[in-house]
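To keep things clear, I will list the structure first and then write my remarks on it.
The values are calculated or read from the model by the stated rules, or taken from the named source; none is laboratory data. The model shown is predicted, which means the values in this text are computed figures rather than measured ones. Quick reminder, even Gly has a Cβ in these numbers, built from the backbone with ideal geometry, and neighbours come from all protein chains shown. When the accessible area is computed, the model is the full protein with side chains, heavy atoms only, and any ligands, DNA or RNA have been set aside. Shrake-Rupley method; radii C 1.70, N 1.55, O 1.52, S 1.80 Å.
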Amino acid sequence: MPEEIEIDTDKLHEAIHEEVEKEGGSLLRTIALTTALFAAFAAVASLLAGGTVNEALALKTEATQLQAQASDQWAYYQAKGIKAVVLDAQKGVLAGTDKPLPADLDKNIGRYKDEQAEAKKKAEEFEHERDEKGKEADHLIHQHHYFAYAVAMLQVAIALGAVAALTRKRLAWLGSTALGLVGAAIFFWALFAH
């Protein structure tokens, strides 16, 4: 039987560590640190991008519901207007034929006009609220786009950081850092400028 070959793993580990130190260990640590930082920013930016678009979609849904309510009020407004016009025409016909007018005819015409005015007021309130929800949603969608741009820049920076770590090229790391800083700047701008 052949003898077992014994490998001193402690010496091997030490040799690998010394080799890493010789070949840019501090650069690798710096690349790892900046890449981890960019990954953290990317995770937060991604979370905020998803949150803003979800909130915008909810607001757009509310705006659509408000538009439906406004449309209902406008239909009610038109119905009351038609009823008032029909009664007014009936009043004219009856007056032209010297027939007696129903006692509550003028009261009903007035009531329909009052109901029409109230429906108009409600419809305009719903439309105003719809417009406010729409503006808020548009703002959030705009903000979402900037968070998404930040995520994209940070992801490219992370990928370039991996290339820098594999090749141990300082220029690749500088490119990664530049892209990451641009992504972080976009992230903070989206976070605080809006």
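Brief remarks on what is shown
- Some residue of region 130-148 being aromatic (Phe, Trp, Tyr), without any contact (Cβ under 8 Å) to a residue 40 or more places away in the chain and out of contact with any Lys or Arg (no Cβ under 6 Å at 6 or more places or on another chain): no
- If you go through region 117-130 and keep only what is charged (D, E, K, R) and open to solvent by 80 Å² or more (accessible area, probe 1.4 Å), you end up with Glu118, Lys120, Lys121, Lys122, Glu124, Glu125, Glu129.
- Taking the criterion of being over 19 Å from Phe41 (Cα atoms) and open to solvent by less than 60 Å² (accessible area, probe 1.4 Å), the residues of region 131-163 that qualify are Lys133, Gly134, Ala137, Leu140, Ile141.
- First in region 49-65 and in a helix (DSSP H, G or I), second anywhere and of a type in the set (D, E, K, R), Cβ under 7 Å, 6 or more apart: Leu59/Lys133; Leu59/Glu136; Glu62/Lys133; Ala63/Arg130; Ala63/Lys133
- The residues of region 20-59 that are closer than 30 Å to Arg130 by Cβ, in contact with a helix residue (DSSP H, G or I) (Cβ under 7 Å, 6 or more places away or on another chain) and surrounded by fewer than 17 Cβ atoms within 10 Å (Cβ to Cβ) amount to a single one, Glu55.
- In the set (1) of a type outside the set (D, E, K, R); (2) at pLDDT 95 or above; (3) open to solvent by 70 Å² or more (accessible area, probe 1.4 Å), the condition left unmet by Ser176 is number (3).
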